[in-house]
Each structure stands twice: as C-alpha cells, then as structure tokens.
Amino acid sequence: MEKVGLNRAFWQGKRVFLTGHTGFKGAWLSLWLKRLGADVTGFALEPPTSPSLFALAKVSAGLNSVIGDIRDLNHVKSAMFEAQPEVVIHMAAQSLVLQSYNDPLETYMTNVMGTAHVFEAARACDPYSSSKACSELVTTTYRNCFIHKQHGALLASARAGNVIGGGDWADNRLVPDLLRSIIAGESVVIRSPKAIRPWQHVLEPLSGYLKLVEHLGSDEGEKYASGWNFGPYDNDAKPVEWIISSLCEKWGQGASWQLDDPNKVQHHEANYLKLDCSKASVELGWTPSLGLDVALDWIVDWYRCFVDNEDIQAETLKQIAAYEERMQ
Ligand SMILES: NC(=O)c1ccc[n+]([C@@H]2O[C@H](COP(=O)([O-])OP(=O)(O)OC[C@H]3O[C@@H](n4cnc5c(N)ncnc54)[C@H](O)[C@@H]3O)[C@@H](O)[C@H]2O)c1
C-alpha cells in the first residue's frame, strides 16, 4: 500500500477519550489530536514528572482534562459517559520497568485492572473504536467476548519501540537521564551500554496509532481490529552506547557519559528487543518517517528550546507539523 498522510476529515470534530494525556506520549498525542481538530477528553493522574510536557506545552488548554485514577472504575465510567467518545485511546499505564520491580502490585493494578476498567467503561457507553498499547491479554478477551460481539465497536492494541523525544522526564529512561545530566553540567551514568533497543521518535508510534484508528473507522474496520507493532526500521535498533555518544556529540559543549558501577545489583532487562512491523507496513501503509538520526536532531532542538526558556508548545507543534510533512 502506498504511504499516505493522516486523514484530517476523519479527525475533525471526532470525540476522542485519551487516557494518559498527562504523560510523555499522551501529551504529544493530545497536541496532535487537537491540531487535527478532534474534540479530546483526557483522563489521567497528575503529570508523572516535574517538569512535564503537559504543563510546559499547556496541553490542558482546549481539551477537557480529567484528573483521575484508572483503578477507580466509577470515575473512569462517569468521565467516559460524559465524554461519549467515538474513539478511545488507552495509554495510561505504569510505564517504567524499574518501578514495576519496586511495586509489582501497583503495576498490575494499573496496567491490568486499569485496562479492564477502561474497557468496562467503554462497553457501557459503546464507543466507536479503541486502541491500547499494552495488556494484550485483557484486550483480546474484551475484544473477543464483549466489545465487538455485544456492542459492534472495534478494538485494536498497539506496541511501540523504545520511544524517545522532547518532553520526557521519566526516571531511569536513557534520554531523560542524559538530558538531565547535561543540563546540570554532570556526566551521565549508564547501566547497560551494549543493550540494543528499537529506538524511535515519539511521533512515529503516535502516527501509527492515528492511522490505525482511521482504518478502524473505515468501512472495512473489522479487518484491523487486532494487535499491531509500530517500531523503527531494523537498522535503527542501536546499542545504548551509540545513542548516548550521538546525543552527546550533537549537543556539544562537553556533554559526556560514564559507566555505572558493574558491581551494583541490576534488575534484569532484556538485552535485545526488536519488533516486526511488516503487518503495519503492508496493511496500513505505515512506515517510520523520521529515522533515528533525524529523531536525535529533533530531540536536541527540543531540549535546547527548554533550556533557553522558549515556547515549548510552539516547538512541539512545529515538530508535529514537520512530521506530518514527512508523512505525505
Ligand atoms: N515511553 C516508551 O518508551 C514506551 C514504549 C512503548 C510503549 N509505551 C507505552 O505507552 C504508554 C504511554 O507511555 P509514556 O511514556 O507516555 O508513559 P508516562 O509514564 O510518561 O505516562 C503515563 C501516563 O499514565 C498516567 N497514569 C499512570 N497511572 C495511572 C493511573 N493509575 N490512573 C490514571 N492515569 C495513570 C500518568 O498520569 C500519565 O499520564 C504506556 O502504556 C507505555 O507502557 C511507552
């Protein structure tokens, strides 16, 4: 299928319920959806970091931002009922690997029961289509047993690679750790320099989610109600060390890194992660539009704006517009 841009007519006035809108990916997606003309209700806890893209880019202006906990079924239900969404995009999650070791129960409650709550609420108000990036087992069960059979709504799930981009301040993630150190004039400490990850700019998977929803909303939507991967090209799976050196080089001004103490106890993290995205390419016409080198340039540009106290919303929207250009 030929690669095409987003369908603005599809999004214009579309009522979208987005969970996790105060997080890193959610804040980018909120701005993008607003730019496409969607009528967005966000549901999430307060921003998980400070600073946050949500606050800096004034994401709450022009969308209905509900601060709530997806573990609270009644709150999710009432917010969704009020919003009457045609599309639900579920991205709220405990998204940090190390935190899942520190508090496994909270992680399961949020990622599994929270996901079930979102589907339960969606089932009650019968949305048009939904998408979710994790908890695929719950997703499959709801898809097969409830959502489609009883309500005619369509449900898809999507996985992404290791997402990087301006506006991420989460703990123990590579790019935020590096940028925090650079800004503080310190040398960043790296855990697993040889670990290979499928790095991608945040706008790559978000463009995949938007395309997926557009396909779910088409006459043949049922064909697309399944699991999807939106990862980078294979040659953008690079070791941590490569990312760090490239970013330090692009930033300049003596940015540097050092290895963590090898004797320190580390939690297990997979050494090599990779996603097969051929289905998204063949069936949705989705392929990455940026590539890693440009992604790193955009990250440096974004954090420079932050350091220089420039208009963060303007820079974020500029990158979204530039990304859309590349999708055409
Ligand atoms: N960042 C990545 O590299 C990456 C890669 C692949 C998939 N993902 C997935 O994409 C989604 C978003 O990731 P992110 O990087 O934006 O994460 P993030 O940690 O920046 O944001 C998480 C969002 O979920 C909300 N949240 C957490 N617990 C909640 C709860 N109990 N109730 C309501 N809201 C809650 C937070 O308030 C925030 O809005 C997650 O599902 C994550 O697993 C992220």
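The values are calculated or read from the model by the stated rules, or taken from the named source; none is laboratory data. Quick caveat: nothing in here was measured; it's all calculated off a predicted structure. Cβ coordinates were reconstructed from backbone atoms using ideal geometry, including for glycine residues, and neighbour counts include every protein chain displayed.
Residues in region 84-111 that are in contact with a strand residue (DSSP E or B) (Cβ under 8 Å, 6 or more places away or on another chain) and surrounded by 16 or more Cβ atoms within 10 Å (Cβ to Cβ): Pro85, Glu86, Val87, Val88, Ile89, His90, Met91, Ala92. Close contacts from region 8-24, counting a first residue that is more than 26 Å from Asp168 (Cα to Cα) and a second that is among the polar types (S, T, N, Q), with Cβ to Cβ under 8 Å and a gap of 6+ residues or different chains, come to Arg15/Thr41; Arg15/Gln84. Of the residues in region 35-52, at least one is more than 10 Å from the ligand (Cβ to nearest atom) and hydroxyl-bearing (Ser, Thr, Tyr). Of all residues in region 74-121 being β-branched (Val, Ile, Thr) and within 21 Å of Leu212 (Cβ to Cβ), which is farthest from the ligand (Cβ to nearest atom)? In this case the residue turns out to be Val87.
For region 50-63, the criterion of being over 17 Å from Asp311 (Cβ atoms) and charged (D, E, K, R) is met by no residue. Scanning region 53-73 for residues that are more than 11 Å from the ligand (Cβ to nearest atom), free of Cβ contacts under 8 Å to residues at least 40 places away in the same chain and not hydroxyl-bearing (Ser, Thr, Tyr) yields Ala55, Ala61, Gly62, Asn64.
Residue check: is Thr287 part of a loop (DSSP other than H, G, I, E, B) and hydroxyl-bearing (Ser, Thr, Tyr)? So Thr287 fits the description; yes.
Could you run through region 163-212 and say how many residues are more than 10 Å from the ligand (Cβ to nearest atom), farther than 25 Å from Asp311 by Cβ and not hydroxyl-bearing (Ser, Thr, Tyr)? So the count comes out to 14. Only a single criterion out of (1) touching a Gly at 6+ places or on another chain (Cβ under 7 Å); (2) more than 20 Å from Asp311 (Cβ to Cβ) is not satisfied by Glu46, namely (1). Tell me, please, whether a residue that is surrounded by fewer than 21 Cβ atoms within 10 Å (Cβ to Cβ), outside any strand (DSSP E or B) and of a type in the set (Gly, Ala, Ser) can be found in region 14-36. Scanning region 14-36, I find no residue that is surrounded by fewer than 21 Cβ atoms within 10 Å (Cβ to Cβ), outside any strand (DSSP E or B) and of a type in the set (Gly, Ala, Ser), so the answer is no. Of all residues in region 74-103, those that are at negative phi and in a helix (DSSP H, G or I) have Cβ atoms under 8 Å from Cβ atoms of residues that are among the polar types (S, T, N, Q) and more than 14 Å from the ligand (Cβ to nearest atom), 6 or more apart or on another chain, in Ala83/Asn64.
Residues being within 8 Å of the ligand (Cβ to nearest atom) and at pLDDT 95 or above are entirely absent from region 4-12. Among all residue pairs at least 6 apart or on different chains, which show Cβ distances below 6 Å where the first residue, located in region 155-180, is free of Cβ contacts under 8 Å to residues at least 40 places away in the same chain and the second is of a type in the set (Val, Ile, Thr) and buried (at least 18 other Cβ atoms within 10 Å of the Cβ)? Matching pairs, first to second residue: Asp177/Val188.
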